[in-house]
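> Take a look at the following structure, please.
Please treat every number below as a calculation from the coordinates, not as lab data. Remember, predicted model here, so these are calculated numbers, not experimental data. Please note: Cβ atoms are built from the backbone with ideal geometry, for glycine as well, and neighbour counts cover all protein chains shown.
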Ligand code: HEC
């Protein structure tokens, strides 16, 4: 090695790198588009789940919770709460808020009707069915 770094070498690294990473980008995009339809469970998006999603969005649950990683980190992740706690727990939980337990973070009372609670549970059933490729890594996540 002469130890000199020529303009031609710099150009080759630039063009070679550009082509390599562009091809890598195309390959990963292709892979994502191939895998994505298989992770979707759109078929199960029932009218109840749609109504539940509306409650989720209009009550700003995302202001404290995350859903599949998106949202705030004040309160537990809820994408898998249906698997973690089940429908009865979720409904009872919503009705029991706030706990006023000293030293614990508090969640407001939303005064939802029984129908609205069922819709919310249906929405969580839907989100827990989305194939997230094992995220979050544990059931309490
Ligand atoms: C002001 C912040 C805040 C908002 C807004 C909020 N939560 Fe919570 N939520 C919490 C906190 C904090 C906890 C955990 C409390 C504890 O463990 O004592 C919690 C816990 C929960 C749990 C139990 C989770 C588990 O793993 O046991 C459910 C279900 C839940 N929230 C649903 C909702 C829904 C649905 C909404 C919107 C309608 C909502 N939360 C809005 C703060 C909030």
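> What 222 nm value per residue comes from the helices of the chain, counting each DSSP H run with n ≥ 4 as -39,500 (n - 2.57) and dividing by all residues, nearest 500 deg cm²/dmol?
Helices in the chain give a 222 nm mean residue ellipticity of -17500 deg cm²/dmol.
> Can you list, largest first and rounded to whole Å, the semi-axes you get for the range 58-101 by taking the square root of 5 times each eigenvalue of its Cα gyration tensor?
Value: 17, 14, 9 Å, ordered largest first.
> What angle, in degrees between 0 and 90 and rounded to the nearest 10, separates the Cα long axis of helix 87-96 from the longest principal axis of the Cα atoms of the chain?
Between helix and principal axis, roughly 70 degrees.
> Taking a ≥ b ≥ c as the square roots of the Cα gyration tensor eigenvalues, with a/c under 1.5 meaning rounded and otherwise prolate when a/b beats b/c, else oblate, which class fits the range 72-130?
Because a/c hits 1.5 or more and a/b fails to exceed b/c, the range 72-130 counts as oblate.
> Helix 47-58 versus the longest principal axis of the chain: what angle, 0 to 90°, nearest 10, using Cα atoms?
80
> If you stretched the chain out fully between residue 88 and residue 19, how much longer would it get, using 0.36 nm times the residue separation minus the C-alpha to C-alpha distance?
Once the chain is fully extended between residue 88 and residue 19, it gains 19.3 nm.
> Let me ask something additional. If neighbour count is taken as other Cβ atoms inside 10 Å, put 54, 65, 111 in order from fewest to most.
111, 54, 65
> Moving on to the next point. Calculate, in nm to one decimal, what residue 46 and residue 104 gain on full extension: separation in residues at 0.36 nm each, minus their alpha carbon distance.
17.4 nm
> Which number comes out as Rg/Rh for the chain once both Rg and the Kirkwood Rh are worked out on C-alpha atoms?
1.26
> For the chain, what relative contact order do you get, as a whole percent, if you take Cα pairs closer than 8 Å and at least 6 residues apart?
29
> Which order results if 120, 26, 78 are arranged by neighbouring Cβ count within 10 Å, fewest first?
With the sparsest Cβ surroundings first, the list reads 26, 78, 120.
> Could you calculate the FRET efficiency of residue 54 with residue 75 from 1/(1 + (r/R0)^6), where r is the beta carbon distance between them and R0 is 25 Å, rounded to 0.05?
Rounded to the nearest 0.05, the efficiency is 0.80.
> Continuing with this model, one more query. How far is helix 114-128 tilted off the main Cα axis of the chain, in degrees rounded to 10, range 0 to 90?
30
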